[in-house]
Amino acid sequence: MQQKEAFIQTIKDNEGIIYKITRVYAKDTEDQKDLYQEIVYQLWKSFDSFKGKSKLSTWMYRVALNTSIAHLNQNKKSPSSTSGLSLNFELPDAADHSGTSGSEWEDRMHMLYAHIKQLNVIEKGLILLFLEGKSYEEIAAITGFTITNVGTRLGRIKQKLKTNFKK
Amino acid sequence: MELEEMKTLWEEMSQKIEKQQLVTDQIIMDMTQQKYTNKFSIILIYESLGTVICYGMAIYILFNIEKLDTWYLMTCGIFTVSLLFILPLLTLRSLTRIKSLDVAAHSYKETLVRFERSKKRLLLLQRTGIYLGFILFLVVLPVMDKIFNNKDMFTMDMAAFPWILTGVVFVLLIFFIRWGYDCYKSITTSSEKVLKELED
């Protein structure tokens, strides 16, 4: 029981990480809910074996990103299986930010995700961790690339995004 | 949109999410029970059902194998039984290998490599399965005709209908193989691309 409580607290403390990852990898809201559940399920499965072997966030990002890889490749025509659960993925009104209206902010968010979704699966994972403010060392620990390689790849991704922005 | 703007927006979104409760205790617990079925599980259910049908057919042929009284019918029978036993087993093995990929044990890079390799293996198997399925179609007809009707398709004069039916199925199979090959080629090309990029 204590373990379940600890797990619930871990998820609640870090639900934003899962939300952001699922939004990058899922094709729509229903798909996002499916992926969200799959990630929570995989985290629960490995929660016992994790036991502080690495940083909590490293374990969480690793499981969430790895689960997303498999999710990307699954049959896209399969019906959604999450209708029984009511996940609230509506974010609060955005009017308090930068003086822009909520819908304008949402439009910019859509554009941001559209740019990220144009990237391939390797690049998506790297840019997501970069935007999350992770250091090269942390990105290397999560992704398995060397620190130098992370730097090189991120440089290429930034260049690619710049070109895409101009289009 | 510039990269700096992307970062600012991302931070704003992170702050918003912190203010919002997305999941409740009950929802989290429901998710850990896997009350839902993921998409791979659905594929696995269909494949398992197919395996039961194939095994049922193979066992039925085995129980009636003595009815295949010529060397060529016996050869067709043994070939059919072998395929019906081996093919579903290999497909199920490949699928469970992908499904049981330990997402906590490996890094993003390693998982990508393992996943793409498993996917390529499964696709190769499915492609081989399509070709073998085609051969199976040709050999299962005389076997079943002999077991059910005690007729030897290789020596008897056949009416037009079975030949027409065979011809139609043959043409459909060619289209199916062609379509399957195009899908296979496109998916493996994308897998190769990811694997190559990981080596860079």
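The values are calculated or read from the model by the stated rules, or taken from the named source; none is laboratory data. The structure displayed is predicted, hence computed values, not measured ones. Cβ coordinates were reconstructed from backbone atoms using ideal geometry, including for glycine residues, and neighbour counts include every protein chain displayed. Only protein heavy atoms, including side chains, enter the accessible area calculation; ligands, DNA and RNA are left aside. Shrake-Rupley method; radii C 1.70, N 1.55, O 1.52, S 1.80 Å.
Every residue in region A:125-150 that is open to solvent by 20 Å² or more (accessible area, probe 1.4 Å) and assigned to a helix (DSSP H, G or I), please.
Result: A:130, A:136, A:137, A:138, A:141, A:147, A:148, A:149.
Determine whether residue B:117 is away from chain A (no Cβ under 13 Å), assigned to a helix (DSSP H, G or I) and open to solvent by 60 Å² or more (accessible area, probe 1.4 Å).
Numbers: away from chain A (no Cβ under 13 Å): no; assigned to a helix (DSSP H, G or I): yes; open to solvent by 60 Å² or more (accessible area, probe 1.4 Å): yes.
Judged against the criteria, residue B:117 is not a match.
Could you please let me know if residue B:154 is open to solvent by 70 Å² or more (accessible area, probe 1.4 Å), on the phi < 0 side of the Ramachandran plot, in contact with a helix residue (DSSP H, G or I) (Cβ under 7 Å, 6 or more places away or on another chain) and not charged (D, E, K, R)?
yes
I'm trying to understand the selection: among the residues of region A:120-147, which are closer than 21 Å to residue B:103 by Cβ and of a type in the set (A, V, I, L, M, F, W, C)?
Residues satisfying the conditions are A:121, A:122, A:126, A:127, A:128, A:129, A:139, A:140, A:141, A:142, A:145.
What's the total number of residues in region A:6-33 that are open to solvent by 40 Å² or more (accessible area, probe 1.4 Å) and either under 8 Å from the mean Cα position of the chain (by Cα) or not hydroxyl-bearing (Ser, Thr, Tyr) (or both)?
The total comes to 7.
Tell me which of these residue B:57 doesn't satisfy, since it passes every other one: (1) open to solvent by less than 30 Å² (accessible area, probe 1.4 Å); (2) assigned to a helix (DSSP H, G or I).
The failed condition is (1).
To keep it simple, each residue is scored yes or no on (1) on the phi > 0 side of the Ramachandran plot; (2) open to solvent by 30 Å² or more (accessible area, probe 1.4 Å); (3) touching a Gly at 6+ places or on another chain (Cβ under 8 Å).
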position: B:23; (1), (2), (3): no, no, no
position: B:32; (1), (2), (3): no, no, no
position: B:41; (1), (2), (3): no, no, no
position: B:67; (1), (2), (3): no, yes, no
position: B:78; (1), (2), (3): no, yes, no
position: B:85; (1), (2), (3): no, yes, no
position: B:88; (1), (2), (3): no, no, yes
position: B:100; (1), (2), (3): no, yes, no
position: B:109; (1), (2), (3): no, yes, yes
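Going by the conditions given, is residue A:126 at pLDDT 90 or above and either at the interface with another protein chain (Cβ under 8 Å from one of its Cβ atoms) or out of contact with any Pro (no Cβ under 7 Å at 6 or more places or on another chain) (or both)?
Yes: the conditions hold for residue A:126.
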